[in-house]
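Remarks on the structure that follows.
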Amino acid sequence: MLYRPLGQSGSSVSEIGLGAASWWGKPQFPEAKAIGLVHAALDGGVTFFDTGSSYSAGQAEPRLGRALKGKDISKLVVATKAGTIADGGKVGRDFSPAAVVASAERSLRNLGLSELGLLQLHGPAIAELTDELRAALSGLKARGLVRALGVNSFDPAVIEHAIGLPELDAVMVDYNVLRPEREPLIERAAAAGKGVLAGMAMAMGHTGLKVASLRGPQDLWYAARGLIRHPREVREGARFKFLNHLAGMTGPQAALAYVLASRDVSCAVIGTTRLAHLAENLAASGMEIPTEVMARIRVQQR
Ligand SMILES: NC(=O)c1ccc[n+]([C@@H]2O[C@H](COP(=O)([O-])OP(=O)(O)OC[C@H]3O[C@@H](n4cnc5c(N)ncnc54)[C@H](OP(=O)(O)O)[C@@H]3O)[C@@H](O)[C@H]2O)c1
């Protein structure tokens, strides 16, 4: 596993990180398997774990806490998110300073940590990034509860705004082969010293034609989510099917190598429920995408 600096935050992270989210965190997915994936990731050198207070209806954070219990966490950057609240099957929002501070304190308890490696605001609007909220975030840092601060948004205007905020150390954007339009934004973020995290680095698996291979309940869930909420990824992912027929690397590895070809990216975050997929994804660290494959990707991106 190779490691990269998280911008100018002083932390370094594995260039492939594991998302503790979605099906991974749900009670329908057996806890032993979920924990086994985290332990295998640790054994494989992963030091960046990404979760959220509202992920998997609030179940992901405490599950990640149980997975990390008793492990050496000294080199880890455990990232979580605040501003969204799991409310039964729905997700509410509250970016008031008091709610964000209370959420961070709850996350520390859920995760069993004394300090969060990275606290990210989870999809705020620009108007919600008030001076009061920024002061509250800095307060969390000053109390030693949070090492780095960030924003996770798939809205380029919000990321652009976040790049200009000195309190923030990192941004998490939706960057994958389907999103070349994020590249100038990522360059500006890195030039401003921000760590850049590629959430959705595998386009939710859709470059592998996820909806066409259903082997377990999680596949049905991911396929339904794709068809209902991310039809663009499902439709456009099909254009990158050729990535699954390359010599020397698998389709998922090529998708990750593409993201990591940008030296401005600190970490590509992946989600998986299968040990074999985790091993395949971690093996992508250090792989370089051949020039002719990159050229073909560029043609498909037009
Ligand atoms: N997606 C978002 O909207 C979003 C938003 C913010 C942050 N993030 C962060 O980014 C992480 C990754 O997001 P994501 O969208 O890439 O993942 P994701 O939503 O967690 O979905 C990953 C999908 O890719 C599949 N997959 C992973 N490795 C594979 C492999 N080697 N071969 C075939 N299929 C594979 C998984 O299937 P298997 O389970 O079968 O491996 C799963 O269906 C999240 O866990 C979260 O931490 C995501």
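Here are a few things to note about the model shown:
- Amide H to amide H distances under 5 Å link Gly19 with Asp50, Ile270, Gly271, Thr272, where only residues 5 or more positions off or on other chains count and H is placed in the peptide plane.
- Charges were assigned to the Cβ only: +1 to each Lys and Arg, -1 to each Asp and Glu. The resulting dipole of segment 1-83 about its Cα centre is roughly 140 debye.
- Cα-based shape type of segment 67-163, given that a ≥ b ≥ c are square roots of the gyration tensor eigenvalues and the cut on a/c is 1.5: prolate
- Non-local Lys pairs in the chain, i.e. 8 or more apart or on different chains, that have alpha carbons under 18 Å apart: 9
- Of the residues Cys267, Pro124, Asn244, the one whose Cα sits farthest towards the positive end of the charge dipole of the chain is Asn244 (charges of +1 on Lys and Arg Cβ, -1 on Asp and Glu Cβ, taken about the Cα centre).
- Whole-angstrom gap from segment 1-49 to segment 173-203, using each part's C-alpha centre: 19
- For the chain, a crude dipole built from +1 on the beta carbon of Lys and Arg and -1 on the beta carbon of Asp and Glu, taken about the Cα centre, is about 680 debye to the nearest 20.
- Phi to ³J(HN,Hα) by Karplus 6.51 cos²θ - 1.76 cosθ + 1.60 over segment 88-103, Hz, x for Gly, Pro: x, x, 9, 10, x, 10, 7, 9, 5, x, 5, 5, 5, 5, 5, 5
- Calculated FRET efficiency for the pair Ile228/Ala127, C-beta based, R₀ 30 Å, to 0.05: 0.60
- Here the accessible area of the chain is 55 percent carbon and sulfur, with a 1.4 angstrom probe and all protein chains present.
The values are calculated or read from the model by the stated rules, or taken from the named source; none is laboratory data. Small disclaimer: the values here were computed from a predicted structure and weren't measured. No Cβ is skipped: glycine too gets one built from the backbone with ideal geometry, and neighbour counts run over all protein chains shown. Surface areas here come from the heavy atoms of the whole protein model, side chains and all, with no ligands, DNA or RNA. Shrake-Rupley method; radii C 1.70, N 1.55, O 1.52, S 1.80 Å.
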